[in-house]
Every structure is written in C-alpha cells, then in structure tokens.
1. Can you tell me which residue is nearest to Ala166 (Cα to Cα) among those in the range 298-324 that are assigned to a loop (DSSP other than H, G, I, E, B) and modelled with pLDDT of 80 or more?
2. Given (1) modelled with pLDDT under 80; (2) within 21 Å of Asn220 (Cα to Cα); (3) not aromatic (Phe, Trp, Tyr), identify the lone condition not met by Arg362.
3. Filter the range 578-588 for residues that are out of contact with any Ser or Thr (no Cβ under 8 Å at 6 or more places or on another chain) and touching a residue at least 40 places away in the same chain (Cβ under 8 Å) and give the result.
4. Could you give me the residue pairs with C-beta distances under 7 Å whose first residue belongs to the range 60-81 and is in contact (Cβ under 8 Å) with a residue 24 or more places away in the chain and among the aromatic types (Phe, Trp, Tyr), whose second residue is crowded, with 22+ Cβ neighbours inside 10 Å and not in a helix (DSSP H, G or I) wherever it lies, and which are 6+ apart or on separate chains?
5. Just one of (1) over 17 Å from Val609 (Cα atoms); (2) among the aromatic types (Phe, Trp, Tyr); (3) surrounded by fewer than 22 Cβ atoms within 10 Å (Cβ to Cβ) trips up Trp570, so point out which.
6. Assess whether Ile511 counts as being in contact with a strand residue (DSSP E or B) (Cβ under 9 Å, 6 or more places away or on another chain) and assigned by TED's automatic domain parsing to the domain that holds Leu475.
7. For Ala84, indicate whether it is surrounded by 14 or more Cβ atoms within 10 Å (Cβ to Cβ) and assigned by TED's automatic domain parsing to the domain that holds Arg208.
8. Could we say that Val597 is surrounded by 14 or more Cβ atoms within 10 Å (Cβ to Cβ) and in contact with a helix residue (DSSP H, G or I) (Cβ under 6 Å, 6 or more places away or on another chain) here?
Amino acid sequence: MRKTRWSAYIHQKLQQSKLSTLMVTCFIVFNLLLVSVIVWLAYQSFSAVTFTEISKARLALLNESTRRGFDFITGVTGTAYGLASNRELSNLLETSKTGRLAQIHQRREVSRILDHTMVVSEGVTSIELYTDAFNEVTVTSADRIYPLEAIANDSWIASLEKADAAWVPLRENESGQSLVGYAQRIFDSKGGTVAYVFIRLSRADIVRRFADVPMVLDGNVLLVDTAGNVVMQMGKVDPAEGSVVQSDHPENQALPGEQLSTAQGAMDGVNSSSSIIDSAWIQEHARPGEDGFEVVSGQPGGAQLVLYSRPAMLQWRLVQTIPVYTLLSPVRQVGWQILGIAVLGLLFSAVLAYLFVRQIIRPLRQLIKRMRQLEKGDFDTRVQLSFTEEYAHLAYGFNHMASQLTMLMEQVKDESRAKREAQTSLLEAQIKPHFLYNTLDMIHWRALDYDAKDISRMIVQLSKLLRIGLSGGRLFIRVRDELEHARCYVSIQSERLPFSIQYQERIDPRIRGCHIPKIILQPFIENAVMHGHPSDESLRIQVCIDEADDSVPDIIIRITDNGQGLPENWNMDDSRGIGVRNVHQRIQLYCGQRYGVQVSNGSSGGVEVKIKLPRIETEEQLNLWLDGEK
C-alpha cells in the first residue's frame, strides 16, 4: 500500500515537473553516476597497478640493499674465523707451562693482535676475547681480554656450546647503544676450547650498511638469519603506538634511548608491534631462496605490505613491513585530486547542460504560449520557426493548424450566417404570404361590409405590421417594436373577428430596449385567436416579459389565454402549423439550444407559452450573437 502511494506521489510530481528540470536532473544524476563509477574503477585499477609496481620496485630495492648490506657479515665472520685460525694467537693462549712474566708478555701480544684486527676491520665496534688463560696476570692497562666468568651467566653461552660460532644477543653498553655480537670458539692444539672471540657491532654500524637506499629503512625492517629467526629490528620504537619509526639520517640511528632487539628480545619487540609478522610467519610464508611480497590483513593499524628479500650469501635476508595506508597515501592524494577535478567538471557540465536544455526548451515554451493564445481565441497567433528540424516541423504544423482553424472558423461563420439567412428567408416566405393573404381577404370582406374609413384604418395597421415584420432585413428587433407588431396584429384581428379580444401587456421597463428575434409573439397570438377562443366569452390574451430568476441574464416571455387549451398528449413536433415550429427553430438557430419555446396547458385553463431568450442590451452584444461568437 505504501509502495503504491509512493509510486503515485512520484508519478504526480513527475507530471507537475517542468521538462527542463527533468532533463537537467536526469543529466546530472546520469553524469554523477557515470563519473562516480569511472573514478572508482579508475582509482581501483590505478591503485592496484600502482600498488603492484611500488611493491615490485621496493622489493627490488630491498634485494639490492640485501646484496650490498650483508657483505659486512661476511667480513665479520671472516674476521672472527681469521682470529680463530691464527696459530700465533692460539699459541699465545696456551699459558699452562709458562711463567707469570711470560703470560704478561703473551697477554700484551694477544691484545696487540686484537687491536690490529680492530683497526683493519671496518664497521666493527669492538673485538673482545674471553679466556681464563690470563686470570693469574694482573691487568696494568686497559685491554679487551676478559675472564670467562664475565659471560658465564649470559643466556647465549649455552647455545654456543653446540656450535663453533653464533650470533648472540648482547646487553646495552655503558653509552646505551644497542649491540649485536658474533662469538667464535678458539681451539688449542689438543682440540679444546681455549677462548671465545667476540665481535661487537652497534646498531648504527648495521643500519649504516643499508643507508645507501633510504626507502629500504621505511616502516619496520627485520634482520632475519638462516633459520628465520629475527636477529635485529631496525627502526626507532614509538612509545605511543609501539611501532618502529626510522630516523631520516643513519648517523642518528645510534642515539641513546633507541631499541635494539636480538634473538628473543627481537621477537618480543616484533610481537609488541605486530601480531602476525614474527618468526613463525616468516618461516611459513618466506620461500627458501626466493623473494616476494604479500599483503597481511587483520592488523591493528590496518593492512600491512610484507616484503622479504632474496637471501644473501649467508642466507640472511631483510623483511620489511609497510602499512598499506601509508604506501598508498600519494595514490589517495591523486585520487582526491581526480575526484575534485571530476566534481568541478560535473558542475561545469551541469551549467552547460542547463544552458543547453534551456535553449532547447525555449521553442517549446514559445509553442505553449502560442497555444494558450489560441485557446483564448486569438487565431492570428503564429510560432517562429526554430533552428532544429523537429521544432521546425512543430512550428510549421502549429502555424498551419492556426491558419486552417482561422479559415474554418470564417467558413463556419459564413455558412452559419448563410444558413440562418436562408432559413429565415424561407420561414418568413412561409409566414408572410399566408398572413398577407388572410389580411387582404379580410380587407376585401370589410370593404364590402363597411365604409372606406375602416378600411383605411386597417390598411394603416397592416402597413405598420409589414414595416416591423420586414425591419429592413434585420433578424433582431427591440422588445418595444415586437410589442408594437403584436398590437397591430391584435388590432387588425379585432376588426376582423366577430368576438372581442382583450389584449394585456405586463412588461419590465428595463427590458423594453433589449433585442429579441422578430415576429415571435404574433404566431402564438394568431394560434390563440384562430384555434383557442372560448365559445361563450371574449378571448383574453396576456403577454408578460420579465427577467429570469436564475443567475444567467435571460428574458422570459409568457403568453397566456383563456381558450380551449391543447389536446391531450400534444407535442410541438405534432403541430401542423408553421408558426410555432418556426419561432422555436429560429430562436435555437439564433441563440442556441438552451433557448426556445415551451407550450403547455395553463393551470387555470387555456394555453401557456413560455419563451426563453438571452438578454441582449447593446448593438455590440447583438453583433457577437449574430457573428456566432456566443
């Protein structure tokens, strides 16, 4: 029910709307949908292509950075292996059979070898040696030789027992710098462990290796070893969000307060910023020996793009995570710019559409204006031809229709006037000879019965009767002239007939000057005289002319007599006389179908004739009626 009402309401509004409004609205809506779909598809396609290309470009940069950056790892392991295989260093560490002074000398030599290696090794923060060979020697100057008890409580020492060398996590040093280290066993001549050489690397040293490609350090970058374990997380931790933020300058990467995560500490740091990108995820998704990228959803900060490089010589790789929102930020800016341009274009096209539609609708409005003028009766109105073929056809058709209507109206008026004149002439020709014949016959008999004075008087009345009846060819005469015509007829008949006629008039003085069709009273008076006179008394005829009771300004004429009345079931169509039908036909011909004659028996006997006519007071109104304008 509601849907039907809503449909009816929309249908009503559409019918009440202007064509220009509908056309402009449809154009704007269609263009809006079209632009929205095009912009959305273009943005989606552009975003997908751009995202793929950016991902491939960043993956290529990550591979290049991996290839360049991991060369230092080979140098670090080579330095450690060189120290472990140095026979001089191994011999200096065997102090079980030497004296105290020799041990001091050996310790100095070992320190010299470490210092020399430190100098020639680039990117190494420090080289330390852990051994109990010199525990009995008192240290007189600072060196890099420490007893084994210094690392006995470290968590990584147990894992080192299962391998000859390993990358191990370290605590922060006194300056607060984050460190990562590489430990290598040094064996004696009997195959036993005599010392551990430990090479420390600062975070700045490692990050500096990848600084030649700045975009590689965007987002969260993980340093992953052969087994897929996170060795280090590069970046600066944002304490508010728990995410890693990379500094713009690699030289500032080693400032105090920065976070270094290695081994388990690195995993904790990664888990704090991401619930998916961890060692397990890397081992599951990163294909061995290959590179790739993948979008990971379900992150607190939104989808993440994860890129993992192709492993370097030591099978180490970089894993980089970048928020998709950040990566596509320039694309979104371009999208908003395109959308803004599209909106401006839509507004501009809407203005052009409005102007164009207005120009198109203008001939239609002109045609509607001319049609309204045509409805008001202005048949001379015409429409100017338009510049378009369709409107030109419409204008030509309208002008042709108006011309045809004008011609037809004139033709109808001429035919109607000719018809009225022909019928009037015919009807008058039927009446006048008949009346004239009777009158002349009466004059003949009166001339035999009376002297010449009576004949003279009757001739005078007859002349008046003929003068008013002819009326110079006019179809309408004034009420006073019609009454004079009736009185002349009654006077003549009073002289002719053997019974007396009592004729009375009751007329509204305001109606005496109105125009009515001529010779409409005489036929009914004649019928009363010839057919309705009573046998025992005089004939009384009364004519009443007054205004109609309704709101339409009409004239009502009532003619009553005291005669014999009408036969039962009498109808005007059954009347054999010419006069009654003649009057009724002429009134309807001149004045219209709502006017005419009604004949019935009077309430007190006799016949009552009711004639309804329009009230025509001036010559202008009469001309309008005669021209057919009413």
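The values are calculated or read from the model by the stated rules, or taken from the named source; none is laboratory data. Predicted, not measured: the structure shown is a model, and the values here were computed from it. Glycine also receives a Cβ, built like all others from the backbone with ideal geometry; neighbour counts cover every protein chain displayed.
1. So the residue we want is Pro311.
2. Of (1) modelled with pLDDT under 80; (2) within 21 Å of Asn220 (Cα to Cα); (3) not aromatic (Phe, Trp, Tyr), only one is false for Arg362: (2).
3. Selection gives Ile578, Gly579, Val580, Asn582, Val583, Gln585, Ile587.
4. Partner pairs satisfying both residue conditions: Tyr81/Gln184.
5. Going through the list (1) over 17 Å from Val609 (Cα atoms); (2) among the aromatic types (Phe, Trp, Tyr); (3) surrounded by fewer than 22 Cβ atoms within 10 Å (Cβ to Cβ), Trp570 breaks only (1).
6. Spelling it out, Ile511 is indeed in contact with a strand residue (DSSP E or B) (Cβ under 9 Å, 6 or more places away or on another chain) and assigned by TED's automatic domain parsing to the domain that holds Leu475.
7. yes
8. yes
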